[in-house]
Amino acid sequence: MVVLLSACTRDRQEPLRFWAMGREAEVVAELIPEFERETGIDVEIQQIPWTAAHEKLLTAFAAQALPDVCQLGNTWLPEFAALGVLEPLQPFVDASSVVDPDDFFPGIWDTSVIDGELLGIPWYVDTRLLFYRKDLLREAGVQRPPRTWAEWEQAMAAVKAHVGPDRYAILMPLNEFEQQLSFALQQDDPLLRDHGTRGNFQSPGFRRALAFYANMFEQGWAPKMSETQISNVWDEFFNGFYAFYLSGPWNIREFRKRQPPGLEGQWGTMPLPGPDGPGAGIAGGTSLVIFRDSPRQQQAWKLIEFLSRPDIQQRFHAMIGDLPPRRSTWEHPALAQDEFARAFRDQLERVKPTPKVLEWERIVQEMRIATERVVRGGQPQDQALAELDRRVDAILEKRRWMYERDHADAAAEQAP
C-alpha cells in the first residue's frame, strides 16, 4: 500500500511539461511562477530554438514523448492535425469563463480551426503593415496615408520623383514572401483550389496581385535587392533610402531604439492599402495546443487560460512586443495610447489565414521564387504562374490522391 501511495503521489506531483520556442520561451518563463502560485501546478518549461523546433516535435511524436502543452506556429497546425496528435479544444472553451472566442480577432481565431475543429488557442499574433516616413511623404506632396492601391501608387511615384535616382519609395526585399502573400490575400480568389489539392496562382486575383507587386520594381519605386544587400534596414530607413517598409510589429521597438533625435515624430505605421480600400493582411503568429496523449489535459488547459487572460497578455506584450490576439487586451492604455501599435490593431481586424495544408511552407517558398524570377529575371508573368501551378500541383500530389481516395470510399459506402 505504501508503494502504491508513493507512486500515486509522484504521479500527482509530476510537473506540467510546456514546450515554447525562441525568445517567447525566455519571456514566458518569467510569468510562470505566478501561475504556479495561483494554481499549485508545477510547470517544466523547455526552451527550444525555432530552428530546431519542428524536428524536435516530429522526433517526440515518433518516440511518443510529446509534451502536455506546446506553442505551435499557425502554419504548423495543419501538419500536426494530420498526425492526429492534437486534442480538440472546443469542449474546454465551452466550459471556460476566461477564453471568449468573440473577443479574439476573427481571422486569428480561424487559423486554429482545422477541418472544422478548434485545435489551438491563439497566443500572440503577427501581421505585416507599412512603416513610413511622414516627412518624406509630406515633402513629396502626399497629403494623407494612402488607403487604396491607386493612392499608394500615386504616393510612391511622388516620393520617387522627390528623392531622385539613388533613393526609393519602398523597400520590399526579394528574399521575403510576406509582401506578395499580403497582396494575394487581399483578393477574392483563393490561393489553392479543388479543396486545397491544386494551385490557383493563375487565377485573376493572384495575377492582379503579382502585377501590382512587379510594377513597383518596373517603375523603379523599389530596388531589386534582398535584405542581405542592405547594410542595415533601420539606418537606411532613417537615412531616407526608402520611405515605405512593409514589416512586422517587432520593428516598432527597433525603430524607436534607433531613431535619430531629429526624426522623432517623423515616422509612423499605417494599415496596408488594398485594391479598393484598407486591405487584408497575413494572420500569422502562434497558438497554444494540448497534445492528445497528455494525462494532464485539465492542468494544461488551466495554463492556456492563464496565458490567455488579457492582463497576462498585456504584460507579455510589454515584455517582448508580441501582439495580443484579444480585442480586450488592446484596451489597456499601454496599447490603446501607442500610436505605432494602433495601426496593427486596425490591421488585425482584416487579417486572413493562409491555406491550411501541411505543405504550405513549401508552397509559399515556391511562390517567392516564382515572383523573384519575374522581378529580377524578367520571366513573363504568364510563364511564371503556369510553372508555379505545376510545381504546386506536384507538391500537393499526395494530398490530392488522399482526398480522391477518401471521397471515393465515402461515395461507395453511400451507394445502394
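The values are calculated or read from the model by the stated rules, or taken from the named source; none is laboratory data. Here the structure is a predicted model, which is why all the values come from computation and not from measurement. Neighbour counts run over all protein chains shown; Cβ positions are idealised from the backbone, glycine included. Note: accessible area is taken over every heavy atom of the protein model, side chains too, but ligands, DNA and RNA are not part of it. Shrake-Rupley method; radii C 1.70, N 1.55, O 1.52, S 1.80 Å.
Here are some notes:
- Scanning the range 185-211 for residues that are open to solvent by 20 Å² or more (accessible area, probe 1.4 Å) and assigned to a loop (DSSP other than H, G, I, E, B) yields 186, 188, 189, 190, 194, 195, 200, 202.
- For the residues 84, 120, 116, 107, the requirement of being more than 20 Å from residue 349 (Cα to Cα) and touching a residue at least 60 places away in the same chain (Cβ under 8 Å) singles out 84.
- Matching residues, the range 253-273, being touching a helix residue (DSSP H, G or I) at 6+ places or on another chain (Cβ under 8 Å), in contact (Cβ under 8 Å) with a residue 24 or more places away in the chain and either among the hydroxyl-bearing types (Ser, Thr, Tyr) or surrounded by fewer than 20 Cβ atoms within 10 Å (Cβ to Cβ) (or both): 256, 258, 263, 265, 266, 268, 269
- Evaluated against (1) assigned to a helix (DSSP H, G or I); (2) surrounded by fewer than 18 Cβ atoms within 10 Å (Cβ to Cβ), residue 370 falls short on exactly one condition, (2).
- Counted residues, the range 212-234 - those being open to solvent by 70 Å² or more (accessible area, probe 1.4 Å) and part of a helix (DSSP H, G or I): 3
- Looking only at residues in the range 36-46 that are farther than 10 Å from residue 18 by Cβ and in contact (Cβ under 8 Å) with a residue 12 or more places away in the chain, the one that is most open to solvent (accessible area, probe 1.4 Å) is 38.
- Unmet criterion (only one of (1) part of a helix (DSSP H, G or I); (2) under 18 Å from residue 16 (Cβ atoms)) for residue 123: (1)
- So residue 92, is it surrounded by 20 or more Cβ atoms within 10 Å (Cβ to Cβ), touching a helix residue (DSSP H, G or I) at 6+ places or on another chain (Cβ under 6 Å) and in a helix (DSSP H, G or I): yes
- Taken over the range 15-35, the criterion of being open to solvent by 50 Å² or more (accessible area, probe 1.4 Å) and in contact (Cβ under 8 Å) with a residue 12 or more places away in the chain is satisfied by 17, 23, 26, 30.
- The helices (runs of 4 or more DSSP H) falling completely within the range 248-324 include none with 3 or more residues that are small (Gly, Ala, Ser).
- Single residue of 100, 110, 126 found to be open to solvent by 10 Å² or more (accessible area, probe 1.4 Å), closer than 25 Å to residue 329 by Cβ and either polar (S, T, N, Q) or modelled with pLDDT under 95 (or both): 126
- Only a single item in (1) under 23 Å from residue 124 (Cα atoms); (2) crowded, with 21+ Cβ neighbours inside 10 Å is not met by residue 331, and it is number (2).
- Enumeration of residues in the range 28-51 that are in a helix (DSSP H, G or I) and modelled with pLDDT of 95 or more: 28, 32, 33, 34, 35, 36, 37, 38, 39
- The set of residues from the range 237-246 being in a strand (DSSP E or B) and either modelled with pLDDT under 95 or surrounded by fewer than 17 Cβ atoms within 10 Å (Cβ to Cβ) (or both) is empty.
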